Every structure is written in structure tokens, then in C-alpha cells.
Amino acid sequence: MNENLFASFITPVILGLPLVTLIVLFPSLLFPTSNRLVSNRFVTLQQWMLQLVSKQMMSIHNSKGQTWALMLMSLILFIGSTNLLGLLPHSFTPTTQLSMNLGMAIPLWAGAVITGFRNKTKASLAHFLPQGTPTPLIPMLVIIETISLFIQPVALAVRLTANITAGHLLIHLIGGATLALMSISTTTALITFTILILLTILEFAVAMIQAYVFTLLVSLYLHDNT
């Protein structure tokens with residue numbers, strides 16, 4: 001079997017046209033708006049989970065930070081649903097693409113930093129130079145703090161990309177090993193298949209956890225700047 005190991009991460013196309021736009025928009029169809037007086041169980045469960053997450057994230061913010069609540073909830077829904085849909089057979093996970101994750105991380109980080117420099121200019125500038133720093137170390141610390149500030153969106157994107165990609169690669173490798181072992185040793189193939197099932201369950205948890213971690217870190221960056 002000469003299948004490319006990274007074939008599942010290639011953007012799917014039909015008639016030469018990339019489908020990434022349709023794939024990115026598809027998760028929004030999974031969260032319908034209920035116009036009924038009494039919502040069904042699916043919508044009720046979604047609303048309960050959103051209220052739980054938003055209450056936990058927004059509890060540390062002031063009134064200015066809480067204005068970002070709708071965007072942060074939309075972000076966690078989008079990343080979580082995209083990660084979960086990527087675990088389906090013959091599907092594609094946009095969050096395995098570093099370019100897309102950088103496209104989400106950089107604007108959110110920049111918005112939080114600009115908000116900080118606009119509303120808390122002195123406090124934002126004070127982060128570049130801790131109080132009590134010896135004079136000879138001032139230039140070095142300013143450079144280090146500046147680099148660490150600009151690394152934040154890259155760390156956000158790389159963390160999400162690496163975790164989702166690693167899980168997909170492991171599932172791909174163990175699934176291929178299971179198929180190869182079926183003709184050699186049935187017992188070993190069953191053991192490998194059990195490991196594959198457990199890993200798939202773990203990946204469902206990782207998909208939700210990574211969405212929560214990405215959104216939580218953006219929320220913490222916002223908290224430091226409001």
C-alpha cells in the first residue's frame with residue numbers, strides 16, 4: 001500500500017475547485033436557532049453547554065472584556081465542531097492546516113493587544129519591563145518580552161495544529177497496522193483494533209479540549225489587556 005501518510009490533510013477538491021470554504025461553513029449548520037417556545041433536547045443541550053462555558057470564561061472579565069463573549073463562544077463552537085467532524089471517515093479537518101489556525105489566532109491576539117494599548121497604555125507598556133529590573137538588563141528584557149509577545153499567536157496556532165495532526169496520524173497508522181495484521185495474526189489485530197477504538201475515544205476528548213484551550217488562552221490574553 002503506497003498511500004501517502006499525509007493524504008488525509010490535503011484540501012479536497014471537486015472539478016479542480018477547493019472545497020475548504022464549504023467545509024469551514026458546514027459546522028454552522030449544526031447549531032440551528034430555535035424559534036419555538038420550547039426547544040428540543042438537542043438545542044437545549046447546546047444552550048446549557050454554552051451557558052456553562054461562557055459563565056466560566058467570562059467570570060474573570062470586566063464589562064469591556066465581557067463584550068467579547070459572543071465572539072469567544074462562536075470560536076469555541078467552530079473549532080470544536082470542526083475538530084469533531086474531522087474524525088468522521090473520508091472527512092477533512094481544516095484545523096490541521098497551520099495557515100488557517102494562524103488566520104484565527106493572529107487577528108484575535110492583535111485585537112486583544114490593541115485593546116490593551118488603547119485602554120491600558122501604561123499597564124501594557126509596563127509588561128515589557130518588570131519593576132526593579134537592573135539597568136544593564138533593561139535592553140535584553142525589553143527584547144525578550146517583545147519576542148514573547150509576538151510568539152503568543154504562533155504558539156496558539158501551532159498547539160492546535162500539532163495536537164489535531166498528531167491524533168489523526170496515530171489513528172491513520174494504527175488503522176493501517178490493524179488491516180495489515182488481520183491476515184497475519186487475528187489476535188494481534190484484535191488487540192490493535194481495541195487500541196484504535198480507545199485512541200478514537202481519546203481523540204474525541206482532545207478535539208473538545210483543544211477548542212476549549214484555544215478559546216481560554218484567547219480569553220486570558222484579553223483579560224490581561226482589559
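The values are calculated or read from the model by the stated rules, or taken from the named source; none is laboratory data. What you are looking at is a predicted structure, and each value in this text was computed from that prediction instead of being measured. Virtual Cβ from ideal backbone geometry, glycine too; neighbours counted across all protein chains shown. Quick note on the areas: whole protein, heavy atoms, side chains included, nothing else; ligands and nucleic acids left out. Shrake-Rupley method; radii C 1.70, N 1.55, O 1.52, S 1.80 Å.
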(Q) Using the Kirkwood radius over C-alpha pairs as Rh, can you work out the diffusion coefficient of segment 154-226 via Stokes-Einstein at 4 °C, viscosity 1.567 mPa s, in µm² per second? (A) 92
Q) Cα to Cα, under 19 Å, and not fewer than 8 places away if on the same chain: which lysines meet these conditions relative to residue 55? A) 64
Q. For labels at residue 194 and residue 180 in the simple 7 Å Cα→Cβ model, what's the distance in nm?
A. 2.2
Q) Excluding ligands and nucleic acids, what accessible area in Å² is computed for residue 196 using a 1.4 Å probe, to the nearest 10? A) 30
Q.
How large is the accessible surface of residue 148 in square angstrom, using a 1.4 angstrom probe and rounding to the nearest 10?
A. 50
